[in-house]
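Notes to accompany the following structure.
The values are calculated or read from the model by the stated rules, or taken from the named source; none is laboratory data. Please read all numbers here as calculations on a predicted model, not as lab measurements. Methodologically, a virtual Cβ is constructed for each residue, glycine included, from the backbone with ideal geometry; neighbour enumeration extends over all protein chains shown. Please note that ligands, DNA and RNA were not included when accessible areas were found on the heavy atoms of the full protein model with its side chains. Shrake-Rupley method; radii C 1.70, N 1.55, O 1.52, S 1.80 Å.
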There are 2 protein chains.
Amino acid sequence: MAGTNRQTVYATLRRKVLSMELAPGAPVSENELAAALGVSRTPVRESLILLAEEGLIQVFPKVGSFVSRVDPVRVADAQFLREAVELTALDDLPGRLDERLMAELDDNLNRQDRPGIGLEEFFTLDEEFHHGLLKLSGHGAAWATVSAAKGHLDRARRLGLNEATPPAVNAGQHRAILEAVVRGDLPAARTAMRTHLRAVFDDVERIRAQSPELFASNDGSTPVRRNVVTWD
Amino acid sequence: MAGTNRQTVYATLRRKVLSMELAPGAPVSENELAAALGVSRTPVRESLILLAEEGLIQVFPKVGSFVSRVDPVRVADAQFLREAVELTALDDLPGRLDERLMAELDDNLNRQDRPGIGLEEFFTLDEEFHHGLLKLSGHGAAWATVSAAKGHLDRARRLGLNEATPPAVNAGQHRAILEAVVRGDLPAARTAMRTHLRAVFDDVERIRAQSPELFASNDGSTPVRRNVVTWD
DNA sequence: GTGCGTGTGCTTGTATACAAGTACCGGTCG
DNA sequence: CGACCGGTACTTGTATACAAGCACACGCAC
């Protein structure tokens with residue numbers, strides 16, 4: 001039906017996990033996915049191995065593979081990593097900001113402000129905005145590492161944004177950061193960035209109180225089939 | 001001859017790449033490795049996919065797989081990431097340092113100071129030291145991300161340490177960091193850490209001037225067989 | 001009703017067979 | 001002697017077959 005190569009299968013699966021289309025705790029069978037995607041087990045299996053490396057999938061040998069529940073520990077880790085990288089990058093902002101990148105960021109913000117913006121679209125713009133800021137300071141490549149590490153944070157955030165903080169609030173925080181950067185006011189930029197990232201983190205804590213079944217239990221017990229979240 | 005499962009194969013291959021036993025630019029054939037390790041292509045291939053994700057292996061479809069040359073861009077990225085994480089972590093050091101961790105760090109430093117210490121042993125201790133510092137500030141889990149990102153940096157460093165800076169110098173810098181941490185002198189700890197990490201980076205630049213063939217060319221050209229470094 | 005034991009169906013892990021494509025070596029022609 | 005052209009041997013990518021093991025359901029004994 002769709003992909004014939006591993007890249008496509010991997011991209012598809014990753015998108016479905018991050019968008020919560022595949023719910024945390026749900027079983028993902030190699031055979032099942034292979035049949036659904038119209039490919040053999042091989043590319044599916046190789047994709048699952050990569051997703052397991054990212055912590056998005058848990059594989060229990062001879063038992064089954066499951067979408068990881070959102071792990072609060074990993075969320076906190078990603079939060080720390082992200083703060084460290086994005087705040088430190090601000091210190092390396094050049095005196096003269098790249099005009100093309102600035103135009104992109106400005107255009108990005110304008111699109112974020114669109115009234116009836118959808119959630120998925122906002123997330124894409126959000127990613128591009130933070131990535132763009134990193135590129136502005138010459139550390140764009142670090143985004144790949146941050147991005148890979150924050151899968152758990154993103155999934156929780158998607159729920160938080162949906163039910164708690166509307167995109168407009170985040171867009172306003174984004175604008176505050178960029179304006180401070182333009183002014184060359186480094187302390188203000190750092191403060192605005194920290195405020196923004198912490199707000200995101202608080203959203204995650206809020207959604208955890210609302211939907212604990214999507215989060216991993218603290219005792220690290222292994223989820224089995226009867227614990228499945230059917231998501232319907 | 002050895003491993004029968006993927007974890008073993010992956011660990012073996014990763015070790016050989018990071019220790020430069022498999023030279024940058026060297027071809028790694030799935031069939032060849034499978035025969036050498038006494039397993040089929042499957043676990044070997046899955047391991048190579050993971051190593052490719054880390055950037056340690058380059059796969060050219062239908063052509064071959066090669067050990068990545070040390071990429072200066074990735075080295076710089078890892079350096080930035082590492083500085084950001086390790087310096088930021090210092091800010092989160094608790095007032096009361098965990099005694100057990102402190103004892104481990106102290107013991108670690110004593111072993112680093114041993115006169116005739118081997119290179120591999122020193123590297124292990126070095127990793128444990130930096131990981132330990134992160135754990136001290138409650139961000140031990142971030143080490144996994146840093147560790148995965150700094151493969152290129154490590155390979156270059158291994159050469160740098162061998163031919164340029166002796167382990168004793170690094171051990172001294174480690175001690176300076178830990179002493180500042182114990183005194184609770186945060187600025188001094190940050191300075192010492194930054195000095196240490198920058199020294200490592202400088203070593204890499206030095207070895208690059210000495211052995212440019214181990215590094216990727218800046219134009220990003222694709223290495224093919226005739227460009228192989230035979231390493232003998 | 002309750003508890004235990006066995007069989008069945010599913011899972012992942014590994015090995016192998018086939019498909020498709022590229023680089024290189026050698027012969028041939030100009 | 002040089003350039004071109006084709007066969008060959010290798011590569012990775014995918015599909016399939018086989019192996020080993022766990023969980024659950026069913027049925028029986030108590």
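Taking region A:16-28 as the search range and keeping residues that are modelled with pLDDT of 95 or more and open to solvent by 50 Å² or more (accessible area, probe 1.4 Å), which one is nearest to DNA strand C (Cβ to nearest atom)?
Looking at residues that are modelled with pLDDT of 95 or more and open to solvent by 50 Å² or more (accessible area, probe 1.4 Å), I get A:Pro27.
Checking A:Gly64 against (1) exposed (fewer than 13 other Cβ atoms within 10 Å of the Cβ); (2) within 14 Å of DNA strand C (Cβ to nearest atom), which single condition isn't satisfied?
Tallying (1) exposed (fewer than 13 other Cβ atoms within 10 Å of the Cβ); (2) within 14 Å of DNA strand C (Cβ to nearest atom), A:Gly64 fails exactly one: (1).
With B:Phe123, B:Phe201 as the choices, which residue is touching a residue at least 40 places away in the same chain (Cβ under 8 Å) and in contact with a helix residue (DSSP H, G or I) (Cβ under 9 Å, 6 or more places away or on another chain)?
Criteria check complete, one pass: B:Phe201.
Of the numbered conditions (1) away from chain A (no Cβ under 14 Å); (2) assigned to a strand (DSSP E or B); (3) of a type in the set (A, V, I, L, M, F, W, C), B:Ala36 fails exactly one; give the number of that condition.
(2)
Of the residues B:Leu13, B:Leu18, B:Leu37, B:Leu50, only one is in contact with a Lys or Arg (Cβ under 8 Å, 6 or more places away or on another chain) and hydrophobic (A, V, I, L, M, F, W, C); which?
Of the residues listed, the single one that is in contact with a Lys or Arg (Cβ under 8 Å, 6 or more places away or on another chain) and hydrophobic (A, V, I, L, M, F, W, C) is B:Leu18.
Would you mind finding the one in B:Thr124, B:Thr88 that is modelled with pLDDT under 95, assigned by TED's automatic domain parsing to the domain that holds B:Pro187 and open to solvent by 10 Å² or more (accessible area, probe 1.4 Å)?
The match here is B:Thr124.
Take A:Ala156 and decide whether it is open to solvent by less than 10 Å² (accessible area, probe 1.4 Å) and at pLDDT below 90.
So A:Ala156 passes the test.
For the list (1) more than 11 Å from DNA strand D (Cβ to nearest atom); (2) more than 14 Å from chain B (Cβ to nearest Cβ), I need the number of the one condition that A:Phe60 fails.
Result: A:Phe60 fails condition (1) only.
Please determine whether any residue of region A:72-91 is more than 23 Å from B:Ala148 (Cα to Cα), within 12 Å of chain B (Cβ to nearest Cβ) and of a type in the set (D, E, K, R).
The answer is yes, given that some residue of region A:72-91 is more than 23 Å from B:Ala148 (Cα to Cα), within 12 Å of chain B (Cβ to nearest Cβ) and of a type in the set (D, E, K, R).
Just the residues that are open to solvent by 20 Å² or more (accessible area, probe 1.4 Å) and either in contact with a strand residue (DSSP E or B) (Cβ under 6 Å, 6 or more places away or on another chain) or more than 7 Å from DNA strand D (Cβ to nearest atom) (or both), please, taken from region A:31-48.
Selection gives A:Asn31, A:Glu32, A:Leu33, A:Ala35, A:Ala36, A:Leu37, A:Gly38, A:Arg45.
Consider B:Thr4 against the criteria (1) among the polar types (S, T, N, Q); (2) within 11 Å of DNA strand D (Cβ to nearest atom); (3) modelled with pLDDT of 95 or more: it satisfies all of them except one. Which criterion is unmet?
If we test B:Thr4 against (1) among the polar types (S, T, N, Q); (2) within 11 Å of DNA strand D (Cβ to nearest atom); (3) modelled with pLDDT of 95 or more, just (3) comes out false.
If you take the residues in region A:133-150 that are surrounded by 21 or more Cβ atoms within 10 Å (Cβ to Cβ) and more than 11 Å from chain B (Cβ to nearest Cβ), which one is nearest to A:Leu87 (Cα to Cα)?
A:Leu133
What residue, of A:Gln79, A:Gln58, is more than 16 Å from DNA strand C (Cβ to nearest atom), of a type in the set (S, T, N, Q) and in contact (Cβ under 8 Å) with a residue 12 or more places away in the chain?
Every option except A:Gln79 fails the conditions.
Any idea which of B:Leu87, B:Leu50, B:Leu93, B:Leu13 is more than 16 Å from DNA strand C (Cβ to nearest atom) and within 20 Å of the chain's Cα centre (by Cα)?
After ruling out the rest, the residue left standing is B:Leu87.
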